[in-house]
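Here is the structure we will look at.
The values are calculated or read from the model by the stated rules, or taken from the named source; none is laboratory data. Please read these numbers as outputs of a predicted model, since none were measured by experiment. Virtual Cβ from ideal backbone geometry, glycine too; neighbours counted across all protein chains shown. When the accessible area is computed, the model is the full protein with side chains, heavy atoms only, and any ligands, DNA or RNA have been set aside. Shrake-Rupley method; radii C 1.70, N 1.55, O 1.52, S 1.80 Å.
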Amino acid sequence: MKELSDYNKNVRIDLHIHSTASDGTLSPLEILNLAQSLNLGAISITDHDTIDGAKEALTIGIPSSIKFLTGVEISAYPPPSFSCPGSLHILGYAIKIDDPVLNQTLAILQEARKNRNPRIIELLTRMGIELTLSEIRNDAGECQIGRPHIAKLMVKKGFVQSINEAFDKYLAKGEPAYVDKFRVDCDRAIEVILDAGGIPVLAHPFLLKMKNDKVLEALIISLKEMGLKGIEVYYSEHTQDLITRYAEIANRHELLMTGGTDFHGSTKPGVQMGSGKGNLCIPYGLYEKLIASL
Ligand code: AMP
Ligand code: ZN
Ligand code: FE
Ligand code: FE
């Protein structure tokens with residue numbers, strides 16, 4: 001009989017997946033079905049500032065072949081002494097989904113997202129790009145509307161050729177229709193996750209766009225002092241070289257390593273669940289170490 005450890009060596013996981021509860025295009029049920037058909041050993045639904053997708057998956061019931069971690073991806077402000085040109089996102093794993101403070105904090109973030117969309121639409125309208133919130137809602141259905149939904153409608157109405165073009169010309173940070181989003185401070189995001197019994201992990205270090213690894217490492221040390229427990233080492237946009245460098249940082253500071261694709265369905269057409277841009281292979285052992293730390 002095959003040893004379990006040998007079996008596990010070949011099993012892939014994906015601990016960074018977005019559902020229709022945020023800006024992904026697959027429902028939690030479709031995500032569970034796809035994960036099952038891809039033979040993934042463990043997954044986590046990590047929606048932006050909401051745990052509704054993870055809750056729904058649990059209500060549906062997790063197939064016995066898949067290990068499931070509750071998850072969330074919280075947008076946060078960096079510590080005042082660091083400037084992060086990119087996105088600082090804190091993943092929270094194995095959180096208690098009925099934790100009142102976590103739910104209250106996420107409700108505040110959801111409300112802030114709702115207030116942001118009309119402001120983005122207003123800026124686009126002034127530039128001659130006419131969209132309405134109800135058009136976006138019609139296409140998006142009952143999910144949390146964000147910039148990708150606005151970008152999709154801009155493509156559909158012929159204002160731009162692609163979602164990327166919508167971001168590059170209008171919606172990305174620094175572009176004319178960018179509206180800053182309310183976030184929580186990173187120490188608060190980490191605290192809320194810890195208090196909900198979860199494991200706080202720094203998402204996609206590459207997307208922070210820090211000046212160099214030295215500054216990134218200083219930021220990670222500072223986040224660890226706040227309670228950070230891990231780094232997302234494996235990620236769709238991390239090259240093998242980046243994976244090695246981030247793994248070294250994790251080892252130097254005794255931080256857990258995690259990995260995920262940031263699958264969004266057709267919102268990010270080039271990224272597949274479980275394999276990212278094609279060759280990402282996130283070992284099952286990372287999941288085992290993560291749960292062992294609980
Ligand atoms: P929001 O929640 O409105 O801040 O939008 C965040 C989402 O936009 C995430 O899913 C990102 O992957 C996506 N996003 C951010 N920048 C870009 C970009 N330049 N091109 C395509 N998608 C992007
Ligand atoms: Zn997203
Ligand atoms: Fe993110
Ligand atoms: Fe994400």
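Observations, loosely collected:
- Candidate set from the range 246-267 (those that are more than 23 Å from Ile190 (Cβ to Cβ) and outside any loop (DSSP other than H, G, I, E, B)); member that is farthest from ligand 3 (Cβ to nearest atom): Ser266
- Inter-residue pairs, beta-carbon under 6 Å, first in the same structural domain as Glu191 (by TED's automatic domain parsing) and in a helix (DSSP H, G or I) and in the range 48-76, second buried (at least 20 other Cβ atoms within 10 Å of the Cβ) and of a type in the set (Asp, Glu), 6+ apart: Gly53/Asp47
- Selection status of Gln144, assigned to a loop (DSSP other than H, G, I, E, B) and either open to solvent by less than 50 Å² (accessible area, probe 1.4 Å) or assigned by TED's automatic domain parsing to the domain that holds Gly197 (or both): yes
- Filtering Ile90, Ile108, Ile31 for residues that are part of a helix (DSSP H, G or I), within 22 Å of Ser236 (Cβ to Cβ) and within 16 Å of ligand 1 (Cβ to nearest atom) leaves a single hit, Ile31.
- The range 209-232: number of residues that are within 18 Å of the chain's Cα centre (by Cα) and of a type in the set (Asp, Glu): 1
- Scanning the range 270-284 for residues that are more than 15 Å from the chain's Cα centre (by Cα), free of Cβ contacts under 8 Å to residues at least 40 places away in the same chain and open to solvent by 60 Å² or more (accessible area, probe 1.4 Å) gives a single hit, Asn279.
- The lone exception for Asp180 - which of (1) surrounded by fewer than 13 Cβ atoms within 10 Å (Cβ to Cβ); (2) closer than 22 Å to Gly24 by Cβ it fails: (2)
- Complete set of residues in the range 128-173 that are over 22 Å from Gly270 (Cβ atoms), within 14 Å of ligand 1 (Cβ to nearest atom) and of a type in the set (Gly, Ala, Ser): none
- The lone exception for Ile97 - which of (1) open to solvent by less than 20 Å² (accessible area, probe 1.4 Å); (2) in contact with a strand residue (DSSP E or B) (Cβ under 8 Å, 6 or more places away or on another chain); (3) among the hydrophobic types (A, V, I, L, M, F, W, C) it fails: (1)
- Within the option set Glu217, Glu254, Glu237, being open to solvent by 20 Å² or more (accessible area, probe 1.4 Å), assigned by TED's automatic domain parsing to the domain that holds Thr46, of a type in the set (Asp, Glu) and within 16 Å of ligand 2 (Cβ to nearest atom) holds for one residue only, Glu237.
- Residue in the range 207-225 that is in contact (Cβ under 8 Å) with a residue 24 or more places away in the chain, within 16 Å of ligand 1 (Cβ to nearest atom) and part of a helix (DSSP H, G or I) present: yes
- Boolean, Glu237 is in a strand (DSSP E or B) and either at positive phi or of a type outside the set (Phe, Trp, Tyr) (or both): no
- Residue match in the range 226-248 (condition: charged (D, E, K, R), modelled with pLDDT of 95 or more and closer than 24 Å to Lys173 by Cα): yes
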